[in-house]
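Working notes, beginning with the structure itself.
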Amino acid sequence: MKFLGPLFVATRLWLSLVVMVLLFVAAYAFPALFPSVRLLFVGFVSLIVLDAWLLFGMARKQPGLAFFARRDVPDRLSNGDENPITIYLENRYSFRADVEVVDEIPFQFQRRDVLFRARLASHATQAIRYELRPTKRGEYSFGAVNVFVLSPLGLLKRRFQYEQGKMVGVYPSFLQMRQYELLASTNRLNEVGVKRIRRIGHSMEFEQVRPYNTGDDVRTINWKATSRRADAQGASLMINAYQDERSQPVYCLIDKGRVMQSPFEGLTLLDYAINASLVLSNIALLKQDRAGILTFSDRIGQLLPADRRAGHMLKILELLYRQKTRFLETDYESLYVRVKAHIRQRSLLLLFTNFETVGAMQRQLPYLRRLAKDHLLLVIFFENTELRSLLDKPATDTEQIYLKTIGEKFTFEKRQIVKELSLYGIQTILTAPQNLTADTINKYLELKARGMI
């Protein structure tokens, strides 16, 4: 009787039973129908037995050869992105099979609708593809792939279970990082909102004098070298070539306090900051700079010194993956002390945080000014996108006028924060969460173009 465990009743069987009951009721009222109904019932029971034999009897000795399924899921999922999941099916029965597939996905997705239906011919294969979008970092546990197989009779179902207990880690958005890396390598970053920024001036590192090529900056023409070449070999312009300054330290300072817990499209502001830090660190390494990470909240978290050796991006990815949120007030004094003690070389500090009011910023301003004294500080904080959607709607009653007035006040304070920080030479980015990565890369490239780092 072991076969009863994976045995399930199909909808067609229940409907057939209802029809048989009605026929017996009719035979009770009209006794002449009873022999025919009884014969029909015997045939119905015979079909059930035949269906059970098709599903279980033909593969009783080797049940694994009856049907096969496998889930193909990446070892890591990318947070905030659509991750592809594939289920491969193979019908090893000698008849066509109707299949229902129920995938037990991790509870974090809060979905109970991962059900797929397929029809496979004998010895045929099929792939079912769907996508999952995680919104929290951490470990996700996949359950079994449940496959319910129906024969052409469709009265009973046989359940097969595969791929039980697979654990997968959800990491910061490495898919986004790869996308930006690919576009950067092909000079197509403008497709994701990154602007082409013309270099303003030059670094102080002279490389060589070379012949002028079309498109070179005419301000770099070396007239003395040009005159000497003209005397010796004929007229030809010569220019001074400069090598971009390299190996500049770039640190992402990530605030893990309560101000970064606001949600947007399923992700918190902290996760947007972590995803952007991963992409920016990779771009910095591609630009031959050194990338580092420092996390903080009510106490200092982890510090990964800026570096660009092989394997450094993996260290950054693992560090960002392990970050856990805290709901306490951020301690900027501890941040300043840690930076002062451990980051000695002048660096670009990208501070991911959020200020809702001018007063909140002014409480931290003394520490921000001290950081900006020794380093190039870039403060990155967020627009309230829900307020923006509220302000874009016309007010139709007194309550909406009141809400729009309050919304305008908060929006004005955000702009005031930008102006006040700029008075002290502190660079700022005020951005919507969905534009964070592109805006941060734009600012980084702008600062490099201006020779500020």
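Miscellaneous remarks
- Among residues of region 112-139 that are farther than 30 Å from SER173 by Cα, those with a beta-carbon under 7 Å from a residue that is outside any strand (DSSP E or B) and open to solvent by less than 50 Å² (accessible area, probe 1.4 Å) at least six positions away or on a different chain give the pairs SER122/TYR93; SER122/PHE95.
- Flag for ILE274 being in a strand (DSSP E or B), modelled with pLDDT of 80 or more and touching a helix residue (DSSP H, G or I) at 6+ places or on another chain (Cβ under 6 Å): no
- With respect to the conditions (1) open to solvent by 20 Å² or more (accessible area, probe 1.4 Å); (2) at pLDDT 90 or above; (3) within 45 Å of the chain's Cα centre (by Cα), PHE41 lacks only one, and its number is (3).
- Members of region 1-38 found to be within 28 Å of ASN146 (Cβ to Cβ), of a type in the set (A, V, I, L, M) and at pLDDT below 90, listed by number: MET1, LEU4, LEU7
- Qualifying residue in region 220-238 (condition: among the basic types (Lys, Arg) and either under 30 Å from ALA438 (Cβ atoms) or modelled with pLDDT under 60 (or both)): no
- Hits in region 397-444 (condition: of a type in the set (S, T, N, Q), closer than 15 Å to ASN354 by Cα and without any contact (Cβ under 8 Å) to a residue 60 or more places away in the chain): THR411, GLN416, GLN427, THR428, THR431
- Hey, PHE142 touching a Ser or Thr at 6+ places or on another chain (Cβ under 7 Å) and under 17 Å from ARG76 (Cβ atoms) or not: no
- Hits in region 395-429 - residues which are among the hydrophobic types (A, V, I, L, M, F, W, C) and in contact with a strand residue (DSSP E or B) (Cβ under 6 Å, 6 or more places away or on another chain): VAL418, LEU421, ILE426, ILE429
- Flag for ARG76 being in contact (Cβ under 8 Å) with a residue 12 or more places away in the chain, surrounded by 15 or more Cβ atoms within 10 Å (Cβ to Cβ), over 18 Å from SER141 (Cβ atoms) and touching a helix residue (DSSP H, G or I) at 6+ places or on another chain (Cβ under 8 Å): no
The values are calculated or read from the model by the stated rules, or taken from the named source; none is laboratory data. Because the structure is predicted, anything quoted here is derived from the model rather than measured. Neighbour counts run over all protein chains shown; Cβ positions are idealised from the backbone, glycine included. Note: accessible area is taken over every heavy atom of the protein model, side chains too, but ligands, DNA and RNA are not part of it. Shrake-Rupley method; radii C 1.70, N 1.55, O 1.52, S 1.80 Å.
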